[in-house]
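Enquirer: Okay, handing you the structure first.
The values are calculated or read from the model by the stated rules, or taken from the named source; none is laboratory data. Predicted model only: the values in this text are computed from it and were never measured. Cβ atoms come from the backbone with ideal geometry, glycine included; neighbour counts cover every protein chain shown.
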Amino acid sequence: MGEVLGICGSSRKKESNTAAIMEEILRATGKSYELVWLCDLNINFCTGCLKCFSDPSVKGVCWQKDDMEGLIQKMLGCKALVLGSPTMYGNVTGRMKNFFDRSIGIDSRGIGPEKKLEGHGRSPMAGRPAALITVAGGGDQEKTAANMRLYMVYEDLDIVGEIVEAIGMGDVRENKEIMKKARKIGEEIGKRIR
Ligand SMILES: Cc1cc2nc3c(=O)[nH]c(=O)nc-3n(C[C@H](O)[C@H](O)[C@H](O)COP(=O)(O)O)c2cc1C
């Protein structure tokens, strides 16, 4: 487990531009880090039962026994979070959306400050530095970013930087400007981790 956790919603393990940017950010933090590929994990769909959210006896843990609880433990244990997703139809990938949905129980574990929205539990990751990445082939990356931001704001994360770019199908590592921006975000996250 690293101090900085990166969660990647792309399934293109060999050529993902999302992951290339994420790796640059993670490296630049100068801290220990882990990049988790959602496609490597077995995470069932959220059934919407809300047991994890509203049944105090389960303490925020989903009844589905899959890899989600392990990922939640990594989230609780990290000092900073980087989320990355390709843009698909102007939104995050299905894997990333399902990750959002399955993580709702994190707010029902009695950890962290109460959310501003009454009755919505606590934010265990409140104030932790965070960054978001979304890349698109041609456009609509802003719509994806809006969804990712919504999640991060809901969890009271401190968004340090964003990479929201349409970069075509080429290799983003050849785009010096984007990679430089990624390094700067990573450095800033590193500075904010005590
Ligand atoms: C199902 C699907 C939907 C997509 N939708 C969009 C889109 O709405 N807008 C866009 O510009 N690119 C779209 N793309 C292209 C991806 O955003 C692009 O290939 C992205 O860079 C892939 O990220 P990755 O390299 O991290 O896997 C789509 C690709 C797929 C497979």
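Enquirer: Of the residues 97, 74, only one is surrounded by fewer than 18 Cβ atoms within 10 Å (Cβ to Cβ) and either within 23 Å of residue 142 (Cα to Cα) or more than 16 Å from the ligand (Cβ to nearest atom) (or both); which?
Expert: None of the other options fit; the residue is 74.
Enquirer: I've got another one for you. Tally time: how many residues in region 138-159 are farther than 18 Å from residue 10 by Cβ, within 16 Å of the ligand (Cβ to nearest atom) and surrounded by 16 or more Cβ atoms within 10 Å (Cβ to Cβ)?
Expert: Count: 0.
Enquirer: Next question. Of (1) more than 10 Å from the ligand (Cβ to nearest atom); (2) among the polar types (S, T, N, Q); (3) in contact (Cβ under 8 Å) with a residue 24 or more places away in the chain, residue 47 satisfies all except one. Which?
Expert: Of everything listed in (1) more than 10 Å from the ligand (Cβ to nearest atom); (2) among the polar types (S, T, N, Q); (3) in contact (Cβ under 8 Å) with a residue 24 or more places away in the chain, residue 47 misses just condition (3).
Enquirer: Would it be correct to say that residue 179 is of a type in the set (A, V, I, L, M, F, W, C), within 27 Å of residue 28 (Cα to Cα), away from the ligand (no atom under 16 Å from the Cβ) and not in a strand (DSSP E or B)?
Expert: no
Enquirer: Related question: Only residues that are out of contact with any Lys or Arg (no Cβ under 9 Å at 6 or more places or on another chain) and either modelled with pLDDT under 95 or within 16 Å of the ligand (Cβ to nearest atom) (or both): list them for region 77-88, please.
Expert: Residues satisfying the conditions are 82, 83, 84, 88.
Residues checked against (1) of a type outside the set (Asp, Glu); (2) more than 17 Å from residue 104 (Cβ to Cβ); (3) exposed (fewer than 12 other Cβ atoms within 10 Å of the Cβ):
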residue: 34; (1), (2), (3): no, yes, no
residue: 39; (1), (2), (3): yes, yes, no
residue: 44; (1), (2), (3): yes, no, no
residue: 63; (1), (2), (3): yes, no, yes
residue: 66; (1), (2), (3): no, no, no
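Enquirer: Which residues, taken from region 13-37, are in contact (Cβ under 8 Å) with a residue 60 or more places away in the chain and away from the ligand (no atom under 16 Å from the Cβ)?
Expert: 27, 28, 29, 30, 31
Enquirer: Hey, which of the helices (runs of 4 or more DSSP H) in region 1-95, taking only ones fully inside, have at least 2 residues that are under 25 Å from residue 189 (Cβ atoms) and under 14 Å from the mean Cα position of the chain (by Cα)?
Expert: By residue number, 17-28, 68-77.
Enquirer: When you go through (1) within 16 Å of the ligand (Cβ to nearest atom); (2) under 17 Å from residue 134 (Cα atoms) one by one for residue 5, which number turns out not to apply?
Expert: Only one criterion is unmet by residue 5, namely (1).
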